1. Among Pro120, Pro126, which is the only one that is surrounded by fewer than 16 Cβ atoms within 10 Å (Cβ to Cβ) and closer than 30 Å to Val75 by Cα?
2. For region 182-237, which positions are of a type in the set (Asp, Glu) and surrounded by 14 or more Cβ atoms within 10 Å (Cβ to Cβ)?
3. How many residues does region 64-75 hold that are surrounded by fewer than 11 Cβ atoms within 10 Å (Cβ to Cβ) and within 14 Å of the chain's Cα centre (by Cα)?
4. Considering region 222-237 alone, what residues qualify as being aliphatic (A, V, I, L, M) and out of contact with any Phe, Trp or Tyr (no Cβ under 9 Å at 6 or more places or on another chain)?
5. Could you check region 130-237 for helices (runs of 4 or more DSSP H) lying wholly inside it with 1 or more residues that are modelled with pLDDT under 90, of a type outside the set (Asp, Glu) and within 30 Å of Ser74 (Cα to Cα)?
6. Out of region 100-129, which residues are under 21 Å from Leu227 (Cα atoms) and assigned to a loop (DSSP other than H, G, I, E, B)?
7. Being touching a residue at least 60 places away in the same chain (Cβ under 8 Å) and of a type in the set (Val, Ile, Thr) is the filter here; which residues of region 167-210 pass it?
8. Can you work out which of the residues in region 84-141 that are touching a Leu at 6+ places or on another chain (Cβ under 7 Å) and in contact (Cβ under 8 Å) with a residue 40 or more places away in the chain is farthest from Ala160 (Cα to Cα)?
Amino acid sequence: MARSGQQRASGELASTEEAEKQAEFGAEPLGVAPESDDLTKPPAPPSLQDVFRNPGWQRMRLDWRSEDGDRLRSVLRTVDDRVIENFADAFVLMHELFEVVRKPEVDADGAAMLDRHGFPIWKRTPAGGWEEDWTALGSREREQFLFQITTRLFDWELRAADAWGEAMFARAMWEERFSIDFDAPISGTIEDRTAVGKMGAADERYFALFVSLYSRKSESIVRSLNLLGQRLKDSMS
C-alpha cells in the first residue's frame, strides 16, 4: 500500500519516480508461450479456436475510429500549419528550387494547381515519386541556393531549438501534473495511484505529444536542408 508523500530508498518521492516511469515511451515485449516438449504425438489439425486463441485478435481494428481519425487528422494539419508558418522562408526556398527541376500539375485551363498553403502541386510518377530533372539546375543556380541555405541555417537551427525547448517544458509540466495527482490520494496501491495520475495529467500528456511532434518536424526540416546544402556543395566540386 503506497502512502501520500512516501519516500523510496533512492531518496526520490514515489510520485516523482512513477512520473518519470510513465513519461518513458515504449512497451514491454510480449511473452511467448512455451511449446510442448512431447514430440511423439502428431499435431492436431488447427481449429478455428486455435487459430484465433485471443478473441481480441478477431476484433482488432485496422483503422482509427471515425471520430478519433478526424481528431488525429486535425492535429496533424495543425502541426503542419505551425511548421510552415515558423519555417515559411525554408518552404519558399525549397519550392523555388523545385520550380527549376519539377513540373507543376495543371487544371483544365492550364493553370498551375496549388495546395492549401499556396504552394504548387508537383507532378508525380506512377510509383509515387516526383518527376524531376536535376540537370536543369545550373552551376550558378546551385551556388545561389547553397549560399541561401548556408546563411539561413543559423536562424533555422535556433527555431528548431526553440521548438525542442517548448517540448521539454511541456514534458516537465506533464510529469509534474502526474506527480501531483499521483500523490493526492491518502492511500491506495501503486496501480490505483498511477491510474489517478494518468487521468489527471491526460491534458498535459496530449499537449506534450503535440509539441513533441512539432519539434520533430522542425528538426527534420533543418536536417534535410543541411543535407541538401551538402549535396549542392559536393555537386560543385
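1. Among Pro120, Pro126, only Pro126 is surrounded by fewer than 16 Cβ atoms within 10 Å (Cβ to Cβ) and closer than 30 Å to Val75 by Cα.
2. Correct list: Asp183, Asp192, Glu204, Glu219.
3. Of the residues in region 64-75, 0 are surrounded by fewer than 11 Cβ atoms within 10 Å (Cβ to Cβ) and within 14 Å of the chain's Cα centre (by Cα).
4. Once the filter is applied, which keeps residues that are aliphatic (A, V, I, L, M) and out of contact with any Phe, Trp or Tyr (no Cβ under 9 Å at 6 or more places or on another chain), region 222-237 yields Leu227, Met236.
5. Counting at least 1 such residues, we get 139-183, 190-200.
6. Within region 100-129, just Gly129 meets the criteria.
7. Those that are touching a residue at least 60 places away in the same chain (Cβ under 8 Å) and of a type in the set (Val, Ile, Thr): Ile180, Ile186, Thr189, Ile190, Thr194.
8. Out of the qualifying residues, it is Val100.
The values are calculated or read from the model by the stated rules, or taken from the named source; none is laboratory data. Quantities reported herein were computed from a predicted structural model and do not represent experimental measurements. Glycine also receives a Cβ, built like all others from the backbone with ideal geometry; neighbour counts cover every protein chain displayed.
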